[in-house]
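Coordinate-derived values only; no laboratory data. No experiment lies behind these values; they were computed from the predicted model shown. All Cβ positions, glycine included, derive from the backbone under ideal geometry; neighbour counts span all protein chains shown.
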Amino acid sequence: MGPGDYAAVFGVWLVAIAAPGPDVVLVLRETVRGGRAGGVAAASGIAIGIVVWIALAMAGAHALVEADPRVLGALQVAGGSYLVVLGLGALRASRGGSTEQLVALAGHESAPPQAAARRARLRRSFVLGAATNLSNPKALIFFGTVFTVLIPASASTADRVLLSVLLVASEAVWFSGLALVASSGRLGTRLSASAARLDLLAGGAFVLLGTLAIAAGVAGL
């Protein structure tokens, strides 16, 4: 692969990760709720989700999804349902509910000691980041297109692996940077003061996106 090939892939990739979507909303929300570390944990989870999608695309799984629309439909219904649950949790939190109500992932009803609570919150942010990214099965088609259209057929395995590492690393840097910016200075103060409104915005966005994904999935079954 030449510099032009890498530039073409990265041009498409940068537009994709910079566009507003569930990942951006989640990182902002986890930054407000869990501080800078919470946002970075969510970004790390998103990176793991992308690793999974890239691995599946490189294994040719996107061909199965493209060959049978029912597979994509089922995945969209499952992913959309998760987004709706996540959105409803955020809407509850916007009315004064606990952060722990976001999704029942911590598995504890009583508050653990402060250090343990912080670790549990970071684990939850990480899991939410991975799950939110994995709730969008169209990512498999995106990466399948990248690896079959934008990358030359003559590209070596080393080129494909190197490109995959660079894509994941750039995503992690982008979303971690978003968490750093959102948690610093006046912006961080304003976002923290608007936590309830951010919960309301995030909840509405997740419910809407989830509902649209479910509708599209049902239509494809």
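Some observations on this one:
- Estimated dipole of the chain in Debye, rounded to 20 [Cβ of Lys and Arg +1, of Asp and Glu -1, Cα centre]: 860
- Selection from A216, L64, F147 lying farthest towards where the dipole of the stretch 3-220 points positive, charges on Cβ: A216
- The chain: DSSP helices with Cα axial extent of at least 18 Å and average Kyte-Doolittle hydropathy no lower than -1.0: 3-18, 22-58, 69-94, 114-134, 157-182, 195-220
- With the convex hull drawn over the C-alpha atoms of the chain, the volume per residue is 123 Å³.
- The calculated FRET efficiency for Y6 paired with D68, based on their beta-carbon distance and R0 = 22 Å, is about 0.10.
- Protection proxy ranking, peptides 75-88, 167-180, average beta carbon neighbours within 10 Å, highest first: 75-88, 167-180
- Normalised by the number of residues in the chain, the average gap of Cα pairs under 8 Å and 6 or more apart makes the relative contact order 45 percent.
- Inter-probe distance in nm under a simple model that places probes 7 Å from Cα toward Cβ, at A169 and R190: 3.4
- Straightening the chain between R197 and R160 buys 9.1 nm, computed as 0.36 nm per residue apart minus the Cα-Cα spacing.
- Considering helices alone, the calculated mean residue ellipticity of the chain at 222 nm is -27500 deg cm²/dmol, with DSSP H runs of length four and up weighted by -39500 (n - 2.57) and normalised per residue.
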